[in-house]
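Here is the structure we will look at.
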Amino acid sequence: MIIAANFKTNMTRASTSEYLNTLSKCEEIKSQRVIVIPPSSALQDAPAGVEIAVQNAYTVRSGAFTGELGLEQLEEFNVNTVLIGHSERRHVLGESQEEIAKKYEYFKNEGFSIIYCLGEPEALRDEGEEALEAYMQTQLDGIDTTYEKLIVAYEPVWAIGTGRVPTNEQIVETLSFLNTKTEAPLLYGGSVKAENSKEILHLDGCDGILVGGASLKVEDFCTMIKNAK
Ligand code: PGA
């Protein structure tokens, strides 16, 4: 199973370091693929059994791109996993599908593992499965779903940070739709917590979870890793 923690704009370099130290004592990290995605200011070496990824990066080795990180900066921290297409980048920071696909292609060509996020806004969920699938198809535009280092994360926009989670049936149905599009492992993300993680992790077609808010407490994240068993 893949258990990923997305810190977003939380945690510092010091608190991330403390977090990783505690996480290294969580025995179960040995039996799962554990990915921690800190803010870029907290990139650092990870303990054995933990992979560090970035929340975003730019399609360049180095150059004049104020505010962005390129390959040169990622290499310094041995980062070769990147999150692409997260809802907050799409809907808050305005990244278009075209830009996302360009980023995807660039990091694919560089051999990165890519956690590719997609998911629908609430209005679409209300329109039913067919509308939702058509929408998600647009979020696969320009994305090579056969890439062997791809991980797909289904994250409904309305479930992120809201404490609301789709029904088990809805998650299974959507993952099974995604399974017709790719052989990549499929994660669910959106208000996953220690308490609901076991049930979600054991749903049909679910290969892991991408956790935001509830991953910030290392004890809870460790419980979620244990629940993957
Ligand atoms: P959440 O965020 O767990 O806080 O809902 C998930 C995500 O955005 O990846």
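The values are calculated or read from the model by the stated rules, or taken from the named source; none is laboratory data. Everything numeric in this text was worked out from a predicted model, so none of it was measured. When we count neighbours, we look across all protein chains shown, and the Cβ atoms used for this are built from the backbone with ideal geometry, even at glycine. These area figures cover heavy atoms from the full protein model, side chains too; ligands, DNA and RNA do not enter into them. Shrake-Rupley method; radii C 1.70, N 1.55, O 1.52, S 1.80 Å.
Packing around the peptides 202-210, 104-112, 64-72, 32-40, taken as the average count of other Cβ atoms within 10 Å per residue, puts them in this order, highest first: 32-40, 202-210, 104-112, 64-72.
In the full protein context, the chain carries 46 Å² of accessible surface per residue, based on a 1.4 Å probe and ignoring ligands, DNA and RNA. Estimate the FRET efficiency between Thr167 and Phe77 by the formula 1/(1 + (r/R0)^6), using the beta-carbon distance for r and 41 Å for R0, to the nearest 0.05. It comes out at approximately 0.55. Taking Cα centroids, how far is the range 31-107 from the range 123-176 in Å? Going from one Cα centre to the other spans 21 Å.
Please give me the summed charge of the neighbours of Thr174: other residues whose Cβ is under 9 Å from its Cβ, Lys and Arg +1, Asp and Glu -1. Every neighbour counted, the sum reads -4. I'd like to know which of Phe221, Ser176, Gly111 lies farthest towards the positive end of the charge dipole of the range 87-229, counting +1 on Cβ of Lys and Arg and -1 on Cβ of Asp and Glu. After comparing all options, I get Phe221. Note that the chain, at 10 °C in a medium of 1.306 mPa s, gets a Stokes-Einstein diffusion coefficient of 90 µm²/s from its Kirkwood radius over C-alpha pairs. Multiplying the residue separation of Ala48 and Asn109 by 0.36 nm and removing their Cα-Cα distance gives an extension gain of 19.3 nm. Charging the Cβ of each Asp and Glu at -1 and of each Lys and Arg at +1, and nothing else, the dipole of the chain about its Cα centre rounds to 760 debye. Of the residues Pro185, Ser62, Met136, the one whose Cα sits farthest toward the positive end of the charge dipole of the range 2-227, with +1 on the Cβ of Lys and Arg and -1 on the Cβ of Asp and Glu, is Ser62.
Short-range pairs are left out: with C-alpha atoms under 8 Å and at least six residues apart, the relative contact order of the range 41-152 is 23 percent.
Relative contact order, whole percent, for the chain stands at 20, derived from Cα pairs under 8 Å and 6 or more residues apart. Cysteine residues of the chain whose Cβ has no partner cysteine Cβ closer than 4.7 Å: Cys117, Cys206. What net charge do the residues around Ile35 carry, taking every other residue with its C-beta under 13 Å from that of Ile35, with Lys and Arg at +1 and Asp and Glu at -1? So the surrounding residues net to 0.
What is the extension gain from Arg13 to Asp144, computed as 0.36 nm multiplied by their sequence separation minus the C-alpha to C-alpha distance, in nm to one decimal? This chain segment gains 43.8 nm when fully extended. Other residues lying with their Cβ under 15 Å from the Cβ of Pro47 contribute a combined charge of -2, Lys and Arg counting +1, Asp and Glu -1.
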